[in-house]
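Student: My questions all concern the structure below.
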Amino acid sequence: MNGANFSKKFIFNENIDSDYLYSLYEDDYQYIEEIFQTTLAHFNEDLNSIKVAYQTNNISELKKAIHKIKPTFGFVGLPLVQNICKEFEDICQKATSSNDLSSEYQQIVVTLAESKELIASEYNKLKEFNSNFL
């Protein structure tokens, strides 16, 4: 990366665990930008899989879809959302139909949508930040 010794540090949104991100990627902001971009590229497909599984009352597929998206949130510094996914996955294990999951499902869909907006916002900020150092 050009300008590897620059001292300006990217300031992440307060909802993102920046210490955790730095533990994963140090200050390689271009790589972090790529991680956010990749996350966004697959997000709608993964969220749609969750919605379809719920709507078709396929608890097994719902659990798989949540399991698939769960690690994404660790990669982008949202371990609390990752934990919410884990809790929902555990609830799916005990459910016999989508009706058993109604309120939890509504909450997780909102959480995932809000997380996507946050990831997109941070991605755009990272892109701008990185473009200043190329």
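Student: Go ahead and estimate [θ] at 222 nm for the chain from helices alone: -39,500 (n - 2.57) per DSSP H run with n ≥ 4, summed, over the residue count, rounded to 500.
Tutor: -25000 deg cm²/dmol
Student: Simple spin-label model, 7 Å along Cα-to-Cβ: LYS127 to SER23 in nm?
Tutor: 3.0 nm
Student: Below 24 Å Cα-Cα, how many Lys pairs turn up in the chain? Only count pairs eight or more apart in sequence, or on different chains, if you could.
Tutor: Going through the chain pair by pair, I get 29.
Student: Now for a different question. Looking at the chain as a GNM with Cα springs under 10 Å, which of ILE11, ILE66, ILE32 has the largest mean-square fluctuation?
Tutor: Among ILE11, ILE66, ILE32, the largest GNM mean-square fluctuation belongs to ILE11.
Student: Say we join alpha carbon atoms closer than 10 Å with springs in a Gaussian network model of the chain; which of TYR31, TYR54, TYR20 then has the biggest fluctuation?
Tutor: TYR31
Student: Of all the accessible heavy-atom surface of the chain, with the other protein chains kept in place and a 1.4 Å probe, what percent is carbon and sulfur?
Tutor: 47 percent
Student: Looking at the P(r) of segment 46-121, how many percent of alpha-carbon pairs lie beyond 13 Å?
Tutor: Of the Cα pairs, 63 percent sit more than 13 Å apart.
Student: In nm, to one decimal, how far is the modelled label at THR38 from the one at GLN93, with both set 7 Å along Cα→Cβ?
Tutor: Spacing of the two 7 Å Cα→Cβ label points: 2.8 nm.
Student: Right, next: For segment 18-132, report the accessible area per residue in Å² (1.4 Å probe, heavy atoms, rounded to an integer).
Tutor: Solvent-accessible surface per residue comes out at 54 Å².
Student: Can you pull the Kirkwood radius for segment 34-88, inverse mean 1/r over Cα pairs, to one decimal in Å?
Tutor: 11.4 Å
Student: Helix by helix through the chain, keep the DSSP H runs that span 24 Å or more along the axis on Cα and average at least -1.0 on Kyte-Doolittle, and give those back in order.
Tutor: Passing helices, by number: 29-55, 59-75, 102-131.
Student: Based on the Kirkwood radius over alpha-carbon pairs, what is the Stokes-Einstein translational diffusion coefficient of the chain at 37 °C with 0.692 mPa s viscosity, in µm²/s?
Tutor: It diffuses with D of about 207 µm²/s by this estimate.
Student: Considering Cα pairs under 8 angstrom that are at least six residues apart, work out the relative contact order of segment 18-132 and quote it in whole percent.
Tutor: Relative contact order of segment 18-132: 31 percent.
The values are calculated or read from the model by the stated rules, or taken from the named source; none is laboratory data. If you're wondering where the values come from, they're calculated on a predicted model, not measured in any experiment. Positions of Cβ are backbone-derived with ideal geometry, glycine not excepted, and every protein chain shown enters the neighbour counts. With ligands, DNA and RNA removed, areas are computed over all heavy atoms of the protein, side chains included. Shrake-Rupley method; radii C 1.70, N 1.55, O 1.52, S 1.80 Å.
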